[in-house]
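Trainee: Have a look at this one before I ask anything.
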Amino acid sequence: MKKLIWVLTFLLIAGTLTIYLLIPQTIHIAAVTTVHTTDIGTQRFLIDETQWPKWWDFTDSASEKTGNKTDGLYERNGDRFQLKEKFYKSADIRIYHNQDSLLSRITIIPLQLDSTRIEWTTAVQTGYNPVKRVTAYLQAKEVIKNMDAVLTHLRSFLSHNENIYGLNIEKISIRDTMFVAGKDFLKTPPNTEAIYQLIKKIQQYATEKGAAQSGSPIYNVTLMDKDKYQLMAAIPIDKVVPEERGFTIKKMVQGSFMSADVMGGEYTVAKASEKLHQFFTDFHKTSMAMNFNMLITDRSLQPDTSRWVTKLYMPVY
């Protein structure tokens, strides 16, 4: 019996020492992922809590479950996360796990122009009690598992430009390269009627000169000065026509364009154009030539603006 007691005592001491050797008093936790987008795009959705509902797709936010929509709590497998203090390319996130609360730091690190690293770190204090130390270790494993899951969903969301900019942006070339163009100057932003009035003038001129339209019309609106807007429109044609009465020939190269399709009226098109410009800014792209919109839908024949399709083009180098 005495020998058994010594054996059990030895095992207890050995087990306790093993716990202290293998489980430190402070467990440092780090979840890391790399996303295929810019650091600016990542920051826009990660550091702004109003954007969290767009990419948090596990369950309803904890705030919605409790009916309190001001606490900003989001849940994953029992853990709750709350964005706290924000810094330049980093933020503090409070993690509520069981009855404990951990303050974590998430950091955005630009790697390349279209590649960003996200590091999420925190620490768990295990204490001196061996039982509590083991319990804290097991809890730390649960916390890191949920942190990894959150970053996985965020990475999936940020990997699609459509999620970040609200547009399916792709790099394409144009088919038609010869256009006959005209322009008008207006005191207010041109509406659909003004755009089609100019297009019809161009179409009539092309017909007079024996040219046939070979594709969809395009247009561009430029603010020249206060209360002065330049509306330029053009149609692709199958042969060269004389440049008369203010009508000019525009020969374009097929080139490379960043393009996106937009469903809706002029307000929607204008907002989409802002998003496309934001894409260029985020990716440090340069557009040396005039951007334009292509009218895929003949708006004069379709009264429902929600069914209008417009294709945005921005030349890229």
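The values are calculated or read from the model by the stated rules, or taken from the named source; none is laboratory data. This is a predicted model, so every value here is computed, not measured. Cβ sites come from the backbone with ideal geometry, for glycine too, and all protein chains shown count toward neighbours.
Trainee: Just a yes or no: is a residue in the range 42-53 among the aliphatic types (A, V, I, L, M) and at pLDDT 60 or above?
Mentor: Initial filter on the range 42-53 (among the aliphatic types (A, V, I, L, M)): 46-47.
If we keep only those that are at pLDDT 60 or above too, we end up with 46-47.
Yes, there is a match, as at least one residue in the range 42-53 is among the aliphatic types (A, V, I, L, M) and at pLDDT 60 or above.
Trainee: Going residue by residue through the range 247-259, is there one that turns out to be at positive phi and not β-branched (Val, Ile, Thr)?
Mentor: Going residue by residue through the range 247-259, those that are at positive phi are 255.
From the residues that got through so far, the ones that are not β-branched (Val, Ile, Thr) too are 255.
Yes, some residue in the range 247-259 is at positive phi and not β-branched (Val, Ile, Thr).
Trainee: So which residues in the range 273-317 are hydroxyl-bearing (Ser, Thr, Tyr) and assigned to a loop (DSSP other than H, G, I, E, B), if there are any at all? Quick ask: steps written out before the conclusion?
Mentor: The first filter runs over the range 273-317 and keeps only residues hydroxyl-bearing (Ser, Thr, Tyr), leaving 273, 281, 286-287, 297, 300, 305-306, 310, 313, 317.
Hits for the range 273-317 are Thr286, Ser287, Thr297, Ser300, Tyr317.
Trainee: Thr207 fails exactly one of the following numbered conditions: (1) more than 33 Å from the chain's Cα centre (by Cα); (2) in contact (Cβ under 8 Å) with a residue 24 or more places away in the chain. What is the number of that condition?
Mentor: (2)
Trainee: Can you say whether Leu102 is modelled with pLDDT of 85 or more, surrounded by fewer than 13 Cβ atoms within 10 Å (Cβ to Cβ) and outside any helix (DSSP H, G or I), as far as the supplied structure shows? Even if it seems obvious, please write down each step before you answer.
Mentor: Details: modelled with pLDDT of 85 or more: yes; surrounded by fewer than 13 Cβ atoms within 10 Å (Cβ to Cβ): no; outside any helix (DSSP H, G or I): yes.
Here the answer is no, as Leu102 does not meet what is asked.
Trainee: Kindly list the number of the only condition in (1) in contact with a helix residue (DSSP H, G or I) (Cβ under 9 Å, 6 or more places away or on another chain); (2) within 26 Å of Gly255 (Cα to Cα) that fails for Pro190.
Mentor: (2)
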